[in-house]
Each structure stands twice: as C-alpha cells, then as structure tokens.
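Presented below is the structure to which this report refers.
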Amino acid sequence: MKNIVILISGRGSNFEAILEASRREHWETAIPARIAAVISNRPLARGLETARREGIETVAVDHKLYPTREAFEEELARTVDRYKPDLIVLAGFMRILTEKFVSPREGRILNIHPALLPLFKGLDTHQRAIDAGVRVHGSTVHFVSAALDGGAIIGQAVVPVLPSDTADSLAARGLKLEHVLYPKVCRAVLEGRVTLKDGRAMMDDETARSLAVFSDAA
C-alpha cells in the first residue's frame, strides 16, 4: 500500500478532489494507495476538519510556534516522514519549502500552481494574466524543486480568459479544472506512469494527453 501525505493551509479543496477521486476510482485496491495523513501549518484549517470526518489522520504543525523557518521545517519533515510517504501533495500549502526539505524527497512532492508555468510564477496570477492580455490561463501540476514554481511540469489545465473576466471569475473557472487535473496527476505518479529524471517529467504520449485538460468558457 502506497502512502499519500497531503499538506494544506486552508480549506483544502484540492485535497477534497483527490479524496473523492481516490474513493470513486478505488485507489486502495486499484493502485493500491491511500491518503495516510493530512498535515497543516494552521491548526484551524478547514481541511483538517474534513479529514477527521473522513477518518483520515491529521496533524497540525503550527509554523508560528517555531522561532525559525528551519526549526519549523525540521518538525514538518519529522511529521511527514513518520507516515513513510510515497507521494507528498501540496494542496494549498502556503509555506515555501527549502532545499533541505525538498532534496531528500525530490520526485515525490507535487504542487499545483494557478497559472500556465513558466508564465506568472508567484502570487496574483489571475490578475496578472488579465493585465497581460493573454487569451488562455490555467493551472500547472509540477514536481517540487528548490526553485519557487520551478519544478518539472507534469500536467496543465487550460481555460480561456474572457473579456468580462475578473481575477475572481477567472480563478473560479480555473479551480474547477484543478479539481480534475490534480487527482489525474497524483494517480499517474503513484502508478509509475510519470517519473522525474534529470529534471524532467518523463511519461508516454498517452499519459501526456490525459494530463492536458482543456475547458470551454463555461
């Protein structure tokens, strides 16, 4: 049984999407894999409540209780490693992880970024996309590296940018596709159909096609 550890900071809507897909698709028997724990740096994160209701172990590692980033990360690493994760999924985890955390786990950590990387790294991606006048926007799931939003791209979801869009409407439309894309990528990595090699995400053509998700304007 492969173990998935999910890191959140808030509601964890992508965690919910992964959980729903794992149950709908019977990951425990099909892969087999399970969500072993949900960990948050915020003790009151709504996603922890969801996990508890679903019978999943939860842990809060409150970053505010640690004097330095290094001290917080050391405790986070100890907590994560306790579950012997085959996959670590960042689902709205609002802390930057340093090379000390990432390097020993490289190839096992995923993140989703609300833009079509390598465009619009960092924050405020939806407004920046509108301001730039691009006609498409979306989300990217990538392997986490020590470079912020710089890891190897695995899959992308694409939505049109409409003349009437605000940052909020564009974000909402993009989030719907995130909930489609992220579980697909998690499953592909768990099944060994996607691997990290020499800084690139390796997969066959069929897998690549399945991890390119497109939307109409709805």
Item to complete: Would you mind getting me the FRET efficiency between Glu25 and Val136? Use the beta-carbon distance for r and R0 = 30 Å, nearest 0.05.
Response: 0.60
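With +1 on each Lys and Arg Cβ and -1 on each Asp and Glu Cβ, how big is the dipole of the range 1-105 about its Cα centre, in debye rounded to the nearest 20?
120
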Discussion item. Let's test the formula: R0 of 41 Å, r as the Cβ-Cβ distance of Ser210 and Glu75. What FRET efficiency results, to the nearest 0.05?
Written reply: 0.65
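Can you compute the charge dipole magnitude of the chain about its Cα centre, using +1 on each Lys and Arg Cβ and -1 on each Asp and Glu Cβ, nothing else charged? Give it in debye, rounded to the nearest 20. The partial results should precede the final answer.
Numbers: 29 positive and 28 negative charges, 50 e Å.
Computed about the Cα centre, the dipole is about 240 debye.
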Worksheet item: Taking the alpha-carbon centroid of each part, what is the distance from the range 47-89 to the range 98-171 in angstrom?
Response: 23
Worksheet item: Taking the structure as given and computing mean projected area of the Cα convex hull in nm², which label from [x] 15.0; [y] 16.4; [z] 12.0 fits?
Response: [z]
Fill in: Footprinting exposure proxy for Glu73, Glu54 (fewest neighbouring C-beta atoms within 10 Å first)
Glu54, Glu73
Worksheet entry | Most fluctuating residue given options Leu148, Leu175, Leu117, as computed from a GNM of the chain linking Cα atoms under 10 Å | Leu148
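We did not get these values from a lab; they are worked out from the coordinates using the rules stated. These numbers come from a predicted model, not from an experiment. Cβ atoms come from the backbone with ideal geometry, glycine included; neighbour counts cover every protein chain shown.
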